[in-house]
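Q: Before I ask anything, let me first share the structure, which is written out below as structure tokens.
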């Protein structure tokens, strides 16, 4: 039996679930997730940090618009906790520094001794200084995701698990989405399928947007007993060759890889991890030990690196919410609000140039 609703959302990561939370008070919503658990892929593998000064101009506008919701305006409680971000600068990093500082706010320029006061084990002979964003904060990804799922369900949204999409057709103004759990009909389909968004478009006969998933890997490494990392920020190379973040008595270390791969259940490459750990150990005076575990997720980008949020101009009722790259969790409050406004025909609080920069038309 076919179930009929107002809006079908394909994808149960933070993009789809936050959109459901925004739309459910105003419409009947069904979320279809192919896996048996929400956020199985990118969202569930994110070491998310809220960094205002991260990404290009449209992304920084989304970062700013997401701050109040993350602080509690969305869920009634904050999902943020203090962290800070420190980026190390070497000789020859001038272009990376210029790009980072353009349009930045609340950034402190540090000398080498000031860098070492924050993270004492940084090799001072290899850097010329650093930049510090004291207001960068950790995001409790699970609290955010489950909170949005609760809001969506409380307002009547249905979230269907283990429902991979097998076919999508359109007749007149109605989309039919076929899954292993049954068929669903609605005039609006929101494609929030993460790394699989172009695959979903292909099933629907809609032109793709050039989405490229890129693998990002990480390890969790114990640190020497007695090393006190209290107050350490997320820290890394401004060229984004690696980054690290304390987690109790361990360090999360990433080679900051961005290797193009097909949509898949991502696994780390041992050589990539080894090279990243070598870059880390060159800059930080700490002995490397065997990591306790490693993992990888996918960050998906369109060619200009800006997320895509809007109706497809050539497919009535087909809405894109994709291409969030490495910014999906921290921008989800603003992107989901924009998605809801566009779907419901409401004015957005974002500037018109930002909305235009996120539109699908730029990719056609």
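Just so it is clear, none of the values below were taken in a lab; they were calculated from the coordinates. Because the structure is a prediction, the values reported are computed rather than measured. Cβ placement follows ideal geometry from the backbone for every residue including glycine, while neighbour counts extend to all protein chains displayed.
Q: Can you give me the distance in nm between label points at residue 352 and residue 128, each placed 7 Å from the Cα along the Cα-to-Cβ direction?
A: About 4.3 nm separates the two model spin labels.
Q: Over region 263-364, consider all pairs of different Cα atoms and compute the Kirkwood hydrodynamic radius from their mean reciprocal separation; express it in Å, one decimal.
A: Taking the inverse mean of 1/r over all distinct Cα pairs, region 263-364 comes out at 16.6 Å.
Q: Eigenvalues of the Cα gyration tensor times 5, then square-rooted: what semi-axes does that give for region 306-364, in whole angstrom, largest first?
A: Listed largest to smallest, the semi-axes of region 306-364 are 16, 14, 11 Å.
Q: Return one number: the angle in degrees, 0 to 90 and rounded to the nearest 10, between the long axis of the Cα atoms of helix 57-68 and the longest principal axis of the Cα atoms of the chain.
A: 90
Q: Could you work out, for the chain, what percent of all Cα-Cα pairs fall into each 10 Å distance bin, beginning at 0 Å and stopping at the bin that holds the largest distance?
A: The percentages, shortest bin first, are 5, 24, 33, 22, 11, 4, 0.
Q: Given the rule -39500 (n - 2.57) for each run of at least 4 DSSP H residues, summed and divided by the residues of the chain, what is its mean residue ellipticity at 222 nm, to the nearest 500 deg cm²/dmol?
A: Counting only the DSSP helices, I get -8000 deg cm²/dmol.
Q: Could you work out the relative contact order of region 1-140? I mean the mean sequence separation of Cα pairs under 8 Å and 6+ apart, divided by the number of residues, in percent.
A: 24
Q: Another question, if that's okay. To the nearest 10 degrees, how steep is helix 14-23 against the longest Cα principal axis of the chain, on a 0 to 90 scale?
A: 50
Q: If packing is taken as the average number of other Cβ atoms within 10 Å across a peptide's residues, how do 72-80, 259-267, 205-213, 322-330 rank, most packed first?
A: Per-residue mean Cβ counts within 10 Å order the peptides as 322-330, 205-213, 72-80, 259-267.
Q: With a ≥ b ≥ c the root eigenvalues of the C-alpha gyration tensor of region 1-95, is it rounded (a/c under 1.5), prolate (a/b larger than b/c) or oblate?
A: prolate
Q: Under 8 Å for C-alpha pairs, at least 6 residues apart: give me the relative contact order for the chain, rounded to a whole percent. Mind dumping the intermediate values first?
A: Numbers: 810 pairs, mean separation 84.4, N = 364.
Reported relative contact order: 23 percent.
Q: Once both labels are modelled 7 Å past Cα along the beta-carbon direction, what's the residue 1-residue 64 spacing in nm?
A: Calculated label separation equals 5.1 nm.
Q: Shape call for region 137-220 from the C-alpha gyration tensor, a ≥ b ≥ c root eigenvalues: rounded (a/c under 1.5), prolate (a/b greater than b/c) or oblate?
A: Cα axes put region 137-220 in the oblate bin.
Q: If you take the square roots of the eigenvalues of the alpha-carbon gyration tensor of region 200-265 and sort them as a ≥ b ≥ c, do you get rounded (a/c under 1.5), prolate (a/b over b/c) or oblate?
A: Prolate is the answer for region 200-265, as a/c is 1.5 or above and a/b outweighs b/c.
Q: Quantify how much of the Cα-Cα distance distribution of region 100-259 extends past 20 Å, in percent.
A: Numbers: 8773 of 12720 pairs.
Counting every Cα pair in region 100-259, those more than 20 Å apart make up 69 percent.
Q: Can you order the peptides 138-145, 335-342 by their average number of other Cβ atoms within 10 Å per residue, highest first?
A: Output ranking for 138-145, 335-342: 335-342, 138-145.
Q: How many angstrom lie between the Cα centre of region 15-77 and the Cα centre of region 176-255?
A: Each part's Cα centre sits 12 Å from the other's.
Q: Starting from 0.36 nm per residue, how many nanometres of slack lie between residue 102 and residue 121 once their C-alpha separation is accounted for?
A: Residue separation times 0.36 nm, minus the Cα-Cα distance, leaves 4.0 nm.
Q: If you build a Gaussian network model of the chain, linking Cα atoms that sit under 10 Å apart, which residue out of 71, 94, 185 swings the most?
A: 94
Q: Which FRET efficiency value, to the nearest 0.05, is calculated for residue 174 and residue 26 with the Förster distance at 22 angstrom and r the Cβ-Cβ distance?
A: Once rounded, the FRET efficiency stands at 0.65.
Q: To test your reading of the geometry: what angle, between 0 and 90 degrees and rounded to tens, separates the Cα axis of helix 270-283 from the longest principal axis of the chain?
A: That works out to roughly 40 degrees.
Q: Also, quick follow-up: Highest mean first, how do 292-299, 240-247 rank when packing is the count of other Cβ atoms within 10 Å averaged over residues?
A: Ranked by mean Cβ neighbours within 10 Å, highest first: 240-247, 292-299.
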